[in-house]
Amino acid sequence: MKEIVVHSLDETAALGEKLGALLFPGSLITLTGDLGAGKTTLTKSIGKAIGVKKVINSPTFTILKTYNGTMPLYHIDAYRLEGISQDLGFEEVFDADGVCVVEWPGFIEEQLPKQRLEIEIHHSGEEERTFMFKAVGEAYEKIVREL
């Protein structure tokens, strides 16, 4: 487990870009935090690092958005899936050669691959955020060490 504190949106963006540069095809990132914690802001920066040129915004109503970069970015917002127990076919995305970022992963926990990078985001002040990184799998342990 690694903790990183940022003090501004610019520092959050820099953290996301650094993380994005370390990711590999098939990476899975889960983001947990309250509304407004910075999940989508971090995702935008990850996308920038992997060459996404389009505007990235929260896929709350579409559940899944795909963006093209040097590798695809799959952005899932599972918030509206609370209480839905059916298989929604996310395996194709999880098995793809891109980066998958899942906001509100607790609502689809049963469908998530075991190996992933779990990130919890906590408000620590006006713009200050605390990011807690938990690596589940050797490839993700390497990423956390390099952050």
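Against the list (1) modelled with pLDDT of 90 or more; (2) over 15 Å from the mean Cα position of the chain (by Cα), the condition Phe61 fails is (1). For segment 48-59, the candidate set comprises residues that are without any contact (Cβ under 8 Å) to a residue 24 or more places away in the chain and surrounded by 14 or more Cβ atoms within 10 Å (Cβ to Cβ); within that set, the residue that is nearest to Glu109 (Cα to Cα) is Pro59. Just one of the listed residues (Glu118, Glu146, Glu128) is touching a Lys or Arg at 6+ places or on another chain (Cβ under 6 Å) and touching a residue at least 40 places away in the same chain (Cβ under 8 Å), and it is Glu118.
Taking the criterion of being of a type in the set (A, V, I, L, M) and either outside any strand (DSSP E or B) or farther than 19 Å from Ile143 by Cβ (or both), the residues of segment 28-42 that qualify are Leu35, Ala37, Leu42.
Within segment 43-79, being in contact with a helix residue (DSSP H, G or I) (Cβ under 7 Å, 6 or more places away or on another chain), in a loop (DSSP other than H, G, I, E, B) and of a type in the set (Ser, Thr, Tyr) holds for Ser58, Thr60.
Looking across segment 1-21, the residues that are buried (at least 18 other Cβ atoms within 10 Å of the Cβ), in a helix (DSSP H, G or I) and in contact (Cβ under 8 Å) with a residue 60 or more places away in the chain come down to Thr12, Leu15, Leu19, Gly20.
The values are calculated or read from the model by the stated rules, or taken from the named source; none is laboratory data. Quick caveat, the model's predicted, so the values are computed rather than measured. We place every Cβ from the backbone using ideal geometry, glycine too, and count neighbours over all the protein chains shown.
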